[in-house]
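What follows is a short report on a single structure.
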RNA sequence: CGGAGUGUAGCGCAGUCUGGUAGCGCACCUCGUUCGGGACGAGGGGGUCGUAGGUUCGAAUCCUAUCACUCCGACCA
């Protein structure tokens, strides 16, 4: 992509409302634009990140056996009256009325709708277990949205819903999602710690929040230090193995970890002082097992092997890709700007032409741009007629992991500079070597 | 929802107290000189001063209402 033909509104100054690093940098890097309180437009660069995060989430959900569908954002109030949550959910739910005066709502979550879809189509235990998910915009009318897309009213959420014949099956489904979440966050370059959590308005009795530690996090959390060293489950792990899944769960819940609502001071202080972490964290995922809370009032039943009807046991599992975009920046930035992990960077290579109009520079950049493009590498080519300083600053701000700097000085010796955004290391290599080196980044 | 505050050009701000017909920096456009870490000169474009009423010869400025947004607290992917 040529920057001169792209839409990347970079800001030199910080809009005053942005208090935390991720919000500031997302605005400055031209990723998002606020349209109303807690409501954001995702500009092209931001959308690329959001899509990459969603793709990883999707891959890991699929790997764990979940099946993607897509439910609407607007729902009928009747469905929520069945579960009793139309009254319980309160003002956080955005209620609207259509032209026929029907009560509608903008979905804050989808337990009711997925249960309706399930009960209309599934009759037999032989169709279980089933886990359906979608990645869709949610709306929760937060009292006080803040921190940009970290706590926005409209946000993107992957929500999965599992259906099992009994509690034991549901437990396995829970463990599969638990494992998938550990893998997902690890692939995003994040260390997320599962913590015992409150279930809130979703309900239920088994629940974990996945927390990444960050000073600007909204939750107060307590855990054992060794969690930071734990290795995530391997790609080859067997999601159908009950013991393997239970093993992952047991390992990752073997040490103390809890949010402030569930904090057990005595248990925490039983740890040696040097083992304790008391910090702030960002909740990037939340999983629940809630049994028959929805299947009972909404009559979601299947025939079991005994020929009788059984209320299905359910769980729900959420990850917020839009919040993750901000969380990734909180976890990876410096004075100059964002530092994306390779896995979600909007472009993997930033190509800087220091002297646009110079035949040698234009030629070398053109070749690198074309060759990397052929190799399937996303390249953002800064071909603007700008001063070098502005180009370096812009590229550092948007945080592309690999930079190729092409200028007349080094190009005189047939060389270009490769810079690693994270380490800051620079290296002079030939044009061909740069292409060869970076074409593996697809 | 309680408390505090802000709305003036895309962004950051001055002007409001003490009414006189809108300004600064950055960004943007043109020309020239520049160019390895956010250049310089000259010229130029862009604002019904959040909105609606009112007071006044005259309102960004005073009064009233209203809307939006931000921050601090209680709730949450």
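Taken together, the values in this text are just the output of simple stated rules run on the coordinates, not laboratory data. None of the values given here were measured: they were computed from a predicted structure. Note that we place each Cβ from the backbone using ideal geometry, even for glycine, and neighbour counts take in every protein chain shown.
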(request) Taking chain A as the reference, fit the longest principal axis to its C-alpha atoms, fit the long axis of helix A:242-252 to the helix C-alpha atoms, and give the angle between the two in degrees, 0 to 90, nearest 10. (result) 70
(request) Please report how far the C-alpha centroid of the stretch A:253-325 lies from that of the stretch A:111-134, rounded to the nearest whole angstrom. (result) 20
(request) With springs connecting C-alpha atoms under 10 Å apart, model chain A as a Gaussian network and identify which of A:219, A:236, A:322 has the largest mean-square fluctuation. (result) A:236
(message) Cut-off is 10 Å between beta-carbons; in what order do A:216, A:179 appear when sorted fewest neighbours first?
(response) A:216, A:179
(request) With everything on Cα atoms, drop me the angle between helix A:359-374 and the longest principal axis of chain A, reported from 0 to 90° to the nearest 10. (result) 30
(request) Please report, to two decimal places, log10 I(q)/I(0) for chain A at q = 0.07, 0.08, 0.09 Å⁻¹ as given by the Debye formula with identical point scatterers on the Cα atoms and no solvent. (result) -0.41, -0.53, -0.66
(request) Rounded to the nearest 10 degrees, what's the angle between the helix A:111-121 long axis and the longest principal axis of chain A, both from Cα atoms, 0 to 90? (result) 70
(message) What are the extents of the Cα atoms of the stretch A:8-157 along their three principal axes, in Å, largest first?
(response) 59, 41, 25
(message) To make sure I understand, if each residue's beta carbon is the centre and we count other beta carbons within 10 Å, what order do A:53, A:10, A:96 fall in, fewest to most?
(response) A:96, A:10, A:53
(message) Counting other beta carbons within 10 Å of each residue's own, what order do A:419, A:91 fall into, fewest first?
(response) A:91, A:419
